[in-house]
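In what follows, a structure is listed as structure tokens, so that the remarks can point back to it.
The values are calculated or read from the model by the stated rules, or taken from the named source; none is laboratory data. Remember, predicted model here, so these are calculated numbers, not experimental data. For neighbour counting, all protein chains shown are included, and Cβ atoms are generated from backbone atoms with ideal geometry for every residue, glycine included.
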Amino acid sequence: MTDDSQQQADDNRIASLVHDFQQMGIKFDAMLPKQLEQLRDLLDGIQIGDKPNRLINYNLFYRISFNLSRVTNMTMSELSHTLSVPFSTATRMVDWFVDNGYAQRLPDPEDRRVVRVALTDSGRELNQTIERYMVQHFRLMLSPLTVKEQNILLTIMEKVLSALHESEK
């Protein structure tokens, strides 16, 4: 096989994998347990700004709760930057978190103008539930592989993600 034909075969394989992962994402959404499904429905009903047809992506909920679970008392600016969303979007999501008991706003002891955000016990519990669910389903996806193949795949995925993070700099 020539280099060009190998490249084309690899490109087709990658395109097929991307498509399959997108399709699995749709199926993954359909398998959400009842508690997460109810949360998704609540999050889907939140409007962003003055655009009534643009609804919040519930994946943003997980991204916010994940970041707040990793960094204690994150500022709104830090959260907005970490999520790569406008400050106003992060504020609206945090409003929802606070209104529903998943987060609380805290004053900054050093600067009264700064607002910090932290998960409540309920928010931490929901985040842990989501993480356990995701890990469980990822393990299920890996189950056809041997332990050695799983380790190889995870190492490769970590390297790819590392390269993606480096390219963002």
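Are any residues in segment 96-113 touching a strand residue (DSSP E or B) at 6+ places or on another chain (Cβ under 8 Å), within 19 Å of residue 62 (Cβ to Cβ) and part of a loop (DSSP other than H, G, I, E, B), and if so, which ones?
102
Scanning for something without any contact (Cβ under 8 Å) to a residue 12 or more places away in the chain and basic (Lys, Arg), does segment 74-95 turn up at least one residue?
Checking segment 74-95: not a single residue is without any contact (Cβ under 8 Å) to a residue 12 or more places away in the chain and basic (Lys, Arg).
Test residue 29 against the stated conditions and say whether it is at pLDDT below 65, of a type in the set (Asp, Glu), assigned to a helix (DSSP H, G or I) and over 30 Å from residue 107 (Cα atoms).
yes
Tally up the residues in segment 81-95 that are assigned to a loop (DSSP other than H, G, I, E, B) and among the small types (Gly, Ala, Ser), please.
Within segment 81-95, residues that are assigned to a loop (DSSP other than H, G, I, E, B) and among the small types (Gly, Ala, Ser) number 1.
Please state which one of 116, 124, 139 is among the basic types (Lys, Arg), on the phi < 0 side of the Ramachandran plot, in contact (Cβ under 8 Å) with a residue 40 or more places away in the chain and part of a helix (DSSP H, G or I).
124
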